[in-house]
Each structure stands twice: as structure tokens, then as C-alpha cells.
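Inspection log for the structure reproduced underneath, given as C-alpha cells.
The values are calculated or read from the model by the stated rules, or taken from the named source; none is laboratory data. Model, not experiment: these values are computed from the prediction. Neighbour counts run over all protein chains shown; Cβ positions are idealised from the backbone, glycine included. SASA here: full protein model, heavy atoms, side chains in, ligands and nucleic acids out. Shrake-Rupley method; radii C 1.70, N 1.55, O 1.52, S 1.80 Å.
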Amino acid sequence: MIYFDNSATTKPYPEVLQTYLKVSENYFANPSSIHRLGGEVERLIHKARQQVSDLIRVKPNEIVFTSGGTEANNLAIKGIALEHQSRGRHLITTEIEHASCYSSFQQLEDMGFDVTYLPVDEQGRTTAEDVKNALTEETILVSVMHVNNELGTIQPIKEIGQMLKAYPKIFFHVDNVQGIGKVPLQYEQSGIDLCSFSSHKFHGPKGVGFLYVRSGVSLFSLLTGGEHEFRNRAGTENVPGIIAMTKALRLTMENSEERMSDMLQLKDFLRKRISEMDRVLINTPEVNSAPHILNFSVLGIKPEVLIHALEERDMYVSTKSACSSKSSDVSRILEATGHDAERASSAIRVSLNFENTLSEGKEFLETLEEVILNLRKVMRE
């Protein structure tokens, strides 16, 4: 099997699954219970929070565990808007955000908030100047993703954050679900107030993630009924998920240091060979893009047909975001970059992990070229 759909989800590390099972068996008590078993679990969560904060270089009390990236994004965006609406009701984001962010802003519009959706250039990128020009006296939140999940485009987060430091009333949220472990990001130095993460994007279990909330930032809690996670979200903590996620994050950071050059080499190899194929266009920017994402359009062939043809060869890629992949619509992201309907509706996304090899890349390319030729032959008959 060749699995090139890691932006949708990654395969958990074996050590992570072992940790999940061990914690489930031995630390099953409720961490809110006042007896000894509950105290042991509470200390385990405290240790995990410390380890996560050390790995991303923030404070332990700035880590809020969630059920994943979607909840983290919703909590950050709606939590700021609803908590601070007395200071203003204008919000700024971009046209290429993940569905969990984009839909949150649409919902807030229905609630009476004013949202500016910044356009992007043909690379899928906005600028600090674009953000600055959109600011008003009513602006309370700017939300920009770090790495686009379809194109791999890296946004100028540090420049935007430093510009926003001149506007202390405005909070800055970053969706870093695709960037963590792949593209370095300095949270405090970049002026980030909130940042979202999801475990299953870095070889951890599904159903768990976390939100960085800078000290002093207050949120409206979307889940009530308890004082968990510094009163930011109620609900008994997913203890095995949290501990397993922490191990996955540590292993991913280690792999990032040791194996990043291999990933870059594989991506460059794939890009060069795919760009030489007939009627195949590369959509991912050549510079300032993530090392693990390569998006391209195979003109004249429906992406779902190509994906299933590759699947028959035990090779797995995707169309667009996994959250939107079952929709037959054109890619909202590619449309925002100015591509026509044919190109925006025929995109394929290859997304890598640190375990993928150059030999896998060569085998994939041979099969991809063969499948494209066969499909076009059938279409002509």
C-alpha cells in the first residue's frame, strides 16, 4: 500500500497506540474524582500539558485540550467573538480557510457579526498589508490559517502578527492543524493569541486536539457543565487520547528534525515528474509551501474517477479537504486563487508523511501516468 493522504489523516505510530491502550487500562478513573485514582489521572494530564507546552514552547496554562481541530477552531473563533462583542463585531479571515473556520464565520454572520473574507493571490496567499487595510474600529478578531490544507500555501503569519501588535484590542487566531511538525511557527514571537491543533494530523489518535490560548485571553465557553480546562470547555477529559497525542507530538517533532530533508526530496521529485505529464497542472506554489502537500489538476478527468483507479492499485490520494471531499463541487480554495472551473474541479492532493519513501514515489508516478493514459484512452473510445 502507498498512502499519500496524510493531510486527511495520518496512521497512528505503534508506540502511540500502545500508550493509548495502557492508559485506558490503568488510568481509567475520572480526573475530577477526589479519590487517589482520580488524583493519579489528574497528575497524568498535568504532566501531558507540561510536555505539550514544552514542545511548542508556551506555558502549560496556555494549553486547552479539545476533541480535535474543529472544536479548537470553533472555540477560538466563536469564543472570542461572543466574549468580546461589546468591543466590536467585525471579524477578518481569508477566503481559503478550512471548513471548520469558514463555517464558524458564516454562522457568526447569521448572528449579526460583520465578517471580511480577504481575497488571496494566485498562490493562495494574503499579506499583512491586506489585513491592515481591512481593519476597522470594530475589528476584534483576525483568523488566518498557517498552512492551507489543499494547496500547502504558507501564510505570512509572523508579519501579520507583528503588524497586529499595534492594535491591542484585536485578537489573532491561527489554524495550525496542517503546519505542526512540518512548518516551524513561533507563537509568542508572532503575536499569536490563539492557535489550533489536531492529534490525528501528526500520527496521534482521532478525537483529541488542543488550543493554545495566550495568558490573559478570555473565551466564551461553547461547552458548559463543568470547570474543566481552565473553564474554557466542559466535559470529562479524553485521558488516553491526551496522553497518546502528547507522545505522537514528541515523536513527530523528532522526525521533523531528522527526516525533513527526505520529505522535501520526495516532494520535489514528485513535483518535477508530475509537471512533465501531459495536461497536468501543478497548483501548489513552488516556494513558500509546506513540505508535505502537492496539489495538481489532471485536466479532462474527474478526480473521483482517478482516485478510485489508483485505489484499485492500492494507492491512496484525495481530492480536496477530507471534510469536503464527498462534495462534487469545485474546490473553493482553487476558485479563490483565480483558477477556472475545469482546473478547480479536477484537482488531486498528494500529502506525505515522514515514513514515505522515494521508491514509493517512483512506483506512484509510474502508476499515475499509466492510469491517466488508460482513462484518457477509454474516454476517447
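Here the condition is being touching a residue at least 40 places away in the same chain (Cβ under 8 Å), open to solvent by less than 10 Å² (accessible area, probe 1.4 Å) and not small (Gly, Ala, Ser); of VAL217, VAL208, it holds for VAL208 alone.
The set of residues in region 220-235 that are in a loop (DSSP other than H, G, I, E, B) and without any contact (Cβ under 8 Å) to a residue 12 or more places away in the chain comprises THR224, GLY225, GLU227. Considered as a group, the residues in region 1-39 that are of a type in the set (A, V, I, L, M, F, W, C), under 30 Å from ASN148 (Cβ atoms) and open to solvent by less than 20 Å² (accessible area, probe 1.4 Å) include one that is nearest to the chain's Cα centre (by Cα), and that residue is ALA8. Hey, does region 279-296 have a residue that's outside any helix (DSSP H, G or I), surrounded by 13 or more Cβ atoms within 10 Å (Cβ to Cβ) and hydroxyl-bearing (Ser, Thr, Tyr)? Checked against the condition, which is being outside any helix (DSSP H, G or I), surrounded by 13 or more Cβ atoms within 10 Å (Cβ to Cβ) and hydroxyl-bearing (Ser, Thr, Tyr), region 279-296 yields at least one hit.
Of ILE77, ILE92, all but one fail to be farther than 20 Å from ASN232 by Cα and either in contact with a Ser or Thr (Cβ under 7 Å, 6 or more places away or on another chain) or assigned to a strand (DSSP E or B) (or both); the exception is ILE92.
The C-beta contact set for region 97-117 (first residue closer than 14 Å to ILE140 by Cβ, second residue aromatic (Phe, Trp, Tyr) and buried (at least 18 other Cβ atoms within 10 Å of the Cβ), distance under 6 angstrom, 6+ apart or interchain) comprises VAL115/PHE105. Select from region 50-59 the residues that are surrounded by 14 or more Cβ atoms within 10 Å (Cβ to Cβ) and without any contact (Cβ under 8 Å) to a residue 60 or more places away in the chain and write down the one among them that is farthest from ILE170 (Cα to Cα). Residue satisfying both the conditions and the ranking: GLN50. All of LYS267, LYS272 fail the test of being buried (at least 20 other Cβ atoms within 10 Å of the Cβ) and of a type in the set (D, E, K, R), apart from LYS267.
When GLN186, GLN123 are checked against the criterion of being open to solvent by 40 Å² or more (accessible area, probe 1.4 Å), within 18 Å of HIS292 (Cβ to Cβ) and not in a strand (DSSP E or B), GLN123 stands alone in meeting it. Consider region 264-277 and keep the residues that are hydrophobic (A, V, I, L, M, F, W, C) and in contact with a helix residue (DSSP H, G or I) (Cβ under 9 Å, 6 or more places away or on another chain). The one that is nearest to GLY204 (Cα to Cα) is LEU266.
Considering GLU62, GLU42, the condition of being over 15 Å from ASN176 (Cα atoms) and open to solvent by 50 Å² or more (accessible area, probe 1.4 Å) is satisfied by GLU42 alone.
Residues that are buried (at least 18 other Cβ atoms within 10 Å of the Cβ) and under 18 Å from GLY152 (Cα atoms) are absent from region 78-91.
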